[in-house]
Structures are given as structure tokens and as C-alpha cells.
2 protein chains.
Amino acid sequence: MADQNILSVEDLMSRVRAIFETAGLPPENARAVAHVIVAGERDNCKSHGLYRIEGCLRVIAAGKVAPDAVPQIHDAGRAVIEVDAGGGFSNPAFYAAKDLLAARAREMGLAALVIRDCLHFSALWHDVEALAGEGLAALSMCPSYAFVAPAGGKEPLLGTNPIAFGWPRPGSHPYVFDFATSVAARGEIELHRRAGTPIPEGWAVDHEGQPTTDPDAALSGAMLTFGAHKGSAISTMVELLAGAMLGEFMSKEALEFMGPGGLLPRHGALVLALDPQSFARRSGRDPIAEGERLLSAIGAQGARLPSERRFAARDRALAGGVVLSDAELAQLERFQAQGLAALDA
Amino acid sequence: MADQNILSVEDLMSRVRAIFETAGLPPENARAVAHVIVAGERDNCKSHGLYRIEGCLRVIAAGKVAPDAVPQIHDAGRAVIEVDAGGGFSNPAFYAAKDLLAARAREMGLAALVIRDCLHFSALWHDVEALAGEGLAALSMCPSYAFVAPAGGKEPLLGTNPIAFGWPRPGSHPYVFDFATSVAARGEIELHRRAGTPIPEGWAVDHEGQPTTDPDAALSGAMLTFGAHKGSAISTMVELLAGAMLGEFMSKEALEFMGPGGLLPRHGALVLALDPQSFARRSGRDPIAEGERLLSAIGAQGARLPSERRFAARDRALAGGVVLSDAELAQLERFQAQGLAALDA
């Protein structure tokens, strides 16, 4: 097909790094941001792939992010490590502290990483996969923009509050899930609005708290959580642990701070890392082998594990490259050539 | 009403303690077990109230629990504390380690408690409330019996795998949720079977993995998780973290070990305690006040917080006593008078 352009993952990585270096990010920061964006594209996770470049450049152009912030680690030798992103993107902060977090988890059994004051656009699976690659179980969560009402309510107080979990699997991609605690993404409702089609029941309520399938009523009302009151409880937990507990913005403040312009939210993030070998030691059992018995039995009965499609896309991309449409490639080249100026085009 | 007998919480507590002391539990163990059973009854959480006495006595009579096990704490000064329940009930083990867990969480920022080799019958809200009472956030989870299939599957591999979370609220009951990750409890399906009524759609699949509303087909098939693939992912996480990672029984082994006789499952449990003051300190914000802003805003829009009904029942019981039916009181008195021998009656 004429509309298919194949780029290697390495080629894509060097192009995206260059875009962010041109936009004012120091090499370390550009590498961290490019790494997660290219990983999203590589995994055919388009909502977190090249599509994100424009959003990142827009917050830079708006002066709402500190592109050259150097992450500052604060470590008192306890089980909680903090890293101040200094108003920069979350990714350089995570990378700056990842090895220390992994070492601390092995030493203490478990450890937590607090990322403070960051702009957040990346999928959380990236962080938990990095830790699973170190043989650790990991749990990551953060608030976002308050577009979601609690179960039984009508006013948006909660974010889409994603939660991700990773578990190491020997010789295989890890067990990873990463999902919004809202039943759908806000972008999906927007797509229905543009297409003039109703949204499915259960996605949202209008501003009076009544169920609605009208995208406009949903966007001016509130989205709902997955799993009714149970999902709402989990979303509230994310808000408390990754917002209130850290002393960072909660979803309502994040929205008020950035305004309705659609720029990236500013808040904190919480990452827990747990060392299965350390937890299991006295039992005499191999925790990874035990996990494998469960995960292989799930696969054996034909049930899909989360992230399987994403891993299959990754394997294809690493073997045969990433496929971009003409429009995607043209935009990439425009960002490469013109940097922030391409935003006005 | 003639069928209403009112007992004070203290009276109930001394009766239930006496039952377990007569059944062979040392005073400390009897107190811990009685405490959670009476708390369940006090909160009108009947499924974890006096109803549980018979099940506990049955595992004692069957020789499947060590009633006099003394919990052994293993602490290397790290962020993970272990307590061996020694084949006894989980409750004495939790109480034995609770203060140490809370102190370690304050010292380290967060800490985990591993309960090993216990028989488990109590609701997890009890543990997270105890820690919230210490000003800590807490997360608790455990496997159970494998009656639940993963999303897209048909064979039961997962337990009803409960998860509970607690967050302290000043001058008020804490924010607490505690729910099974299965969409319903197995007992609810059994009630439908006895009543000859169909179960709601979405609760279960038959042994071929097809959706069913027939209670018999559900009981010989598999239950489903709440929230489709997201709930299934969370249930799998519970199985990995509170089963595989601890090197303790997973839900499938727990079922195989105890057999189909309906006795209590034997496995481990994981409790995380996090100190909000410690996490928030460098932010300069008060994490509890931030949490309060969210929780009061949820209440202000008319949405119910989890556990509210339970707390209202507690307040009523503490003020005016616990109401028992004639049959409930008669059974309680039978257990008091005859101990394990009452099981044969």
C-alpha cells in the first residue's frame, strides 16, 4: 500500500529525540520522553504514541512545562524515595529514580517512589514494565483531570485515574495491566460527538446525574467509573493515595490549574515496587514459578491476558519496523524540520 | 416484637470469647477471633457476624486448624514484617503484629505485613480500619477458594479475592471499602439455588464457558469477576501478590487442600500500611485535610461512601445494643453451653 511507511524503532527513536532536543529538552530528558512515546507507537498503542508529540510541544510552547528541569532525588534511606520533577515531564523523573527504587525494594522488601510536580502524559505500563524487567512486581497510579463522578453522584470529582500492575515472567513479556478506572476514555466520547453517534449506556451521566447516551450531555455532565460502586471505590483510592497522600494536586485541582485548554495535567504519581524473592524467601517456594502456574493456566483455557495484543504488536515492530501513514510521517517530518513553529501550521 | 433480643456489644463479646475459650483457644486467640465476629454482628454485616461461629467451630472439630497456635513474628527490621499464624486463625496473627506494622510504616513511610499459613474467615475491613485508627492508609488482600474464572475463560482459577482499603478521617469513621473481586458471593448463588430462582446475568458461566442464569450450572461452572476484564485483572493481581509472591497457597491450592467440604480456606494475607504524614511531609500540605476535601465533596453531592450503612449500624449497636432473633440467641446459648458438641445437634 502506498500509504504505508516502514521505519525501524531505532530510526523513530532518533527522530523523536531530535524533535524534543530542538524543543528545548536536554538530551537526558529528550531521551526519556522519546522513549515512552516511541514505545507507545511500537506497541500500536496509538493513544500514547506519536500522537502525543503535539500535546507535549503545545505545553512547551504555552510555557506550562519546564522542559529543562533536572529531576531532584530526595532519599533519606527509608522505604519511600521522592523525586521532584520540577514542573517537567514525569518521564525523566521516573528514569532518574528507577534504579534506586529497584535497589531499595530489594533491600527493604518493598519501596515506594513519589514523583512530585510533573506533567503527565504517558501510559503507566511503561513504568511497571521497567520494574518487572528488574524482577519486581510493581503498582503505579496517578490522578488526572476531574471528569468522572463517583458512583451515585453527578459532579466530576475523580480523574480517569489509571492504575497499572506488572509482574515478571521469565523468558516472556511480563504480566501487565494498565487501565483507566473510568469506563471509557474522554477521547472516545469526543469521537462519538464528532461522528454524531450515541455513546453506549453506562459511560456517563448528564449534569443532573441522569444516565445519558448523548455525547454532548456526557461531556457537560460526568463520566462514570468501570464496575459501578467497586470501580468508583478504586478510583477514590487512587485519588487519595496518589493525590492527597503525596500532597500533590488531586484531579479537581489539576483541571482547575491547567484550565479547559486541553493541556496535559500537572500532578504527582505513586509507584510501588515489591520484591517477590524477598517476600517469598521464608516459604521455600519460588514466587515466580507459582505465578507462572496461574498465568499459564489462564492462557491454556483460551483467556487473553491483558497487554497481549500490545506485546504482539511490539514483537512485529521490533522484527519488521513501525508502520506510519503518509500523514503521520509528514507530521513527524514537519516537527523535525520546524519544531514548535510547526504547531501553527 | 417478641423475636427481638437486645444484647450489648460487651455482653456479646464476653459470650463469644467464652465459646472460643471453651473450644480450646487460649484467651488471646479467643479475644482476637471474638473481636472480629462481634464487630461483624455489631455492624449488621451478618455474613461475617455470629453466623461465622459455627464455621470456626467446625474447622476446630475437624482438626483443620490449630486453635492454640501462638503467632510467631519474624522481623529483620526491613519494610516487610512476617507473622506465622502456624495454622491458626488469621486474627490473632494480625493483632500480634499490628502495632509493629504501624510503627514500621511511620518509620519507613510504608511497610507490609505478611500473614502466613492461616485459616481465614474474617472481613478485611477489620484490618484496614484498625490501621486507619492509627492514622495510616492501608490496603489488604488475600486469595480464597478458586471458584472464579478469568475474563474470557471458563475454568475457576481465581478466588473471590477480596481487596480492602482504609483511609483515616478525623472525628469520623474512616473511608473504607472492602469487596470481593467476584461479581457476587458464592453464598448468593446458593441462595438462588435453594429458592429455585435464576441468578442475574453476568454472575457466572457454565462448565463450557457460556453465560448462565441457572444456579446449578453456575455452581458447577465458574463465577465471574466484577468489571469484566478490568476486574479480572485486579483479581489476578490479588492472586499474584497475596498468593504467589508470599509463597503461600493460591486459591486453587487452597480449595484442593481443604476439599469440597466447605471448611475455611487456608492461605496467607498481605497488608500494606502507608503513612500519609510521612509521604506528604515535603509538600507542606496536610494529606488528611486534602482527603477530607474529596470525601466531603462526594458526600455533599448525595453519593454514598462505601461502608456508610455498616457504620450507621455500628453507631446504633453501640448506643442501643445488637438485636438477635430468638433462633440466633438460642444457637449462641447452645454453643455457650455445649461447645463443639452443639455442632451435632
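Return the residue satisfying two criteria in turn: it lies in region A:154-182 and is of a type in the set (A, V, I, L, M) and part of a loop (DSSP other than H, G, I, E, B), and of such residues it is surrounded by the fewest Cβ atoms within 10 Å (Cβ to Cβ). Here the residue is A:Ala180. When we screen A:Glu201, A:Glu208 for residues that are touching a residue at least 40 places away in the same chain (Cβ under 8 Å), surrounded by fewer than 22 Cβ atoms within 10 Å (Cβ to Cβ) and either more than 20 Å from the chain's Cα centre (by Cα) or within 30 Å of B:Leu113 (Cβ to Cβ) (or both), the only hit is A:Glu208.
Just checking, which of B:Glu292, B:Glu256, B:Glu239 is among the charged types (D, E, K, R), touching a residue at least 12 places away in the same chain (Cβ under 8 Å) and under 30 Å from B:Gly87 (Cβ atoms)? Exactly one of B:Glu292, B:Glu256, B:Glu239 is among the charged types (D, E, K, R), touching a residue at least 12 places away in the same chain (Cβ under 8 Å) and under 30 Å from B:Gly87 (Cβ atoms), namely B:Glu239. Per the listing A:Leu139, A:Leu131, the residue uniquely touching a residue at least 40 places away in the same chain (Cβ under 8 Å) and outside any strand (DSSP E or B) is A:Leu131. Does region B:169-178 contain any residue that is within 10 Å of another protein chain (Cβ to nearest Cβ), closer than 29 Å to B:Ser220 by Cα, in contact (Cβ under 8 Å) with a residue 60 or more places away in the chain and not β-branched (Val, Ile, Thr)? Within region B:169-178, one or more residues are within 10 Å of another protein chain (Cβ to nearest Cβ), closer than 29 Å to B:Ser220 by Cα, in contact (Cβ under 8 Å) with a residue 60 or more places away in the chain and not β-branched (Val, Ile, Thr).
Restricting attention to region A:251-279 and to residues that are among the aliphatic types (A, V, I, L, M) and over 13 Å from the mean Cα position of the chain (by Cα), the residue that is farthest from the other protein chains (Cβ to nearest Cβ) turns out to be A:Leu263.
Scan region B:179-195 for residues that are among the hydrophobic types (A, V, I, L, M, F, W, C) and more than 10 Å from every other protein chain (Cβ to nearest Cβ) and the total you get is 5.
The set of residues in region B:78-105 being assigned to a loop (DSSP other than H, G, I, E, B) and surrounded by fewer than 21 Cβ atoms within 10 Å (Cβ to Cβ) consists of B:Arg78, B:Gly86, B:Gly87.
From the list A:Leu264, A:Leu272, A:Leu240, A:Leu246, the one residue that fits, being in the same structural domain as A:Leu158 (by TED's automatic domain parsing) and at pLDDT below 95, is A:Leu264.
Within region B:145-154, the set of residues being at the interface with chain A (Cβ under 8 Å from one of its Cβ atoms) and closer than 24 Å to B:Phe121 by Cα comprises B:Ala149, B:Pro150.
Scanning region B:274-296 for residues that are among the small types (Gly, Ala, Ser) and out of contact with any helix residue (DSSP H, G or I) (no Cβ under 8 Å at 6 or more places or on another chain), we see that the one that is nearest to A:Asp75 (Cα to Cα) is B:Ser283.
Checked against (1) assigned to a helix (DSSP H, G or I); (2) without any contact (Cβ under 8 Å) to a residue 24 or more places away in the chain; (3) among the aliphatic types (A, V, I, L, M), B:Ala66 passes all but a single condition, namely (1). State yes or no: is B:Glu290 closer than 27 Å to B:Glu107 by Cα and acidic (Asp, Glu)? Considered against the rule, which asks whether it is closer than 27 Å to B:Glu107 by Cα and acidic (Asp, Glu), B:Glu290 comes out as yes. Restricting attention to region B:106-127 and to residues that are within 11 Å of chain A (Cβ to nearest Cβ) and part of a helix (DSSP H, G or I), the residue that is surrounded by the most Cβ atoms within 10 Å (Cβ to Cβ) turns out to be B:Met108.
The values are calculated or read from the model by the stated rules, or taken from the named source; none is laboratory data. A quick note: this is a predicted structure, and the numbers were derived from the prediction, not measured. All Cβ positions, even for glycine, are placed from backbone atoms using ideal geometry, and neighbour counts span all protein chains on display.
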